[in-house]
Amino acid sequence: MTTDENHKLEAQEVESRIIAFIECELLSPGETVNRDDDLLSGEIFDSIGVLRLAAFVDEDFKLEMQPSDFVIENFQTAAALAQYILSTDASR
């Protein structure tokens, strides 16, 4: 398996964990979210949801998010958040 294939599998796993958290903890029962849904549109969850999601990232992925990491681009979609997590993890 190539490095790109390994990275893709990792990204899919990270996205799946993020989506599972959002669906279980931040959405009403029966609601779902896709990897490219705009999480910050106000229709999926509010600012408290972003903080809960950040706490999940800190705990589940063992990342200590810095204030400078709280930018729209990192939380826009589950896919974007997964890329942030993978890039932060890779830079350690």
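The values are calculated or read from the model by the stated rules, or taken from the named source; none is laboratory data. Computed from a predicted structure; not experimentally measured. Note: ideal-geometry Cβ built from the backbone for every residue, glycine included; neighbour counts use all protein chains shown. Calculation scope for accessible area: heavy atoms of the full protein, side chains included, ligands and nucleic acids excluded. Shrake-Rupley method; radii C 1.70, N 1.55, O 1.52, S 1.80 Å.
When restricted to residues that are surrounded by 15 or more Cβ atoms within 10 Å (Cβ to Cβ) and of a type in the set (D, E, K, R), segment 25-37 contains 2. For beta carbons closer than 8 Å, sequence separation of 6+ or different chains, a first residue in segment 47-67 that is touching a residue at least 60 places away in the same chain (Cβ under 8 Å) and a second that is open to solvent by less than 20 Å² (accessible area, probe 1.4 Å) and part of a loop (DSSP other than H, G, I, E, B), there are no qualifying pairs. Out of LEU51, LEU63, LEU40, one residue alone is open to solvent by less than 90 Å² (accessible area, probe 1.4 Å), under 13 Å from the mean Cα position of the chain (by Cα) and within 13 Å of ILE22 (Cα to Cα). It is LEU40.
State the number of residues belonging to segment 22-38 that are among the aliphatic types (A, V, I, L, M), in a loop (DSSP other than H, G, I, E, B) and touching a helix residue (DSSP H, G or I) at 6+ places or on another chain (Cβ under 6 Å).
Within segment 22-38, residues that are among the aliphatic types (A, V, I, L, M), in a loop (DSSP other than H, G, I, E, B) and touching a helix residue (DSSP H, G or I) at 6+ places or on another chain (Cβ under 6 Å) number 1.
The residue that is farthest from ASP36 (Cα to Cα), counting only those in segment 75-92 that are open to solvent by less than 30 Å² (accessible area, probe 1.4 Å) and not aliphatic (A, V, I, L, M), is TYR84.
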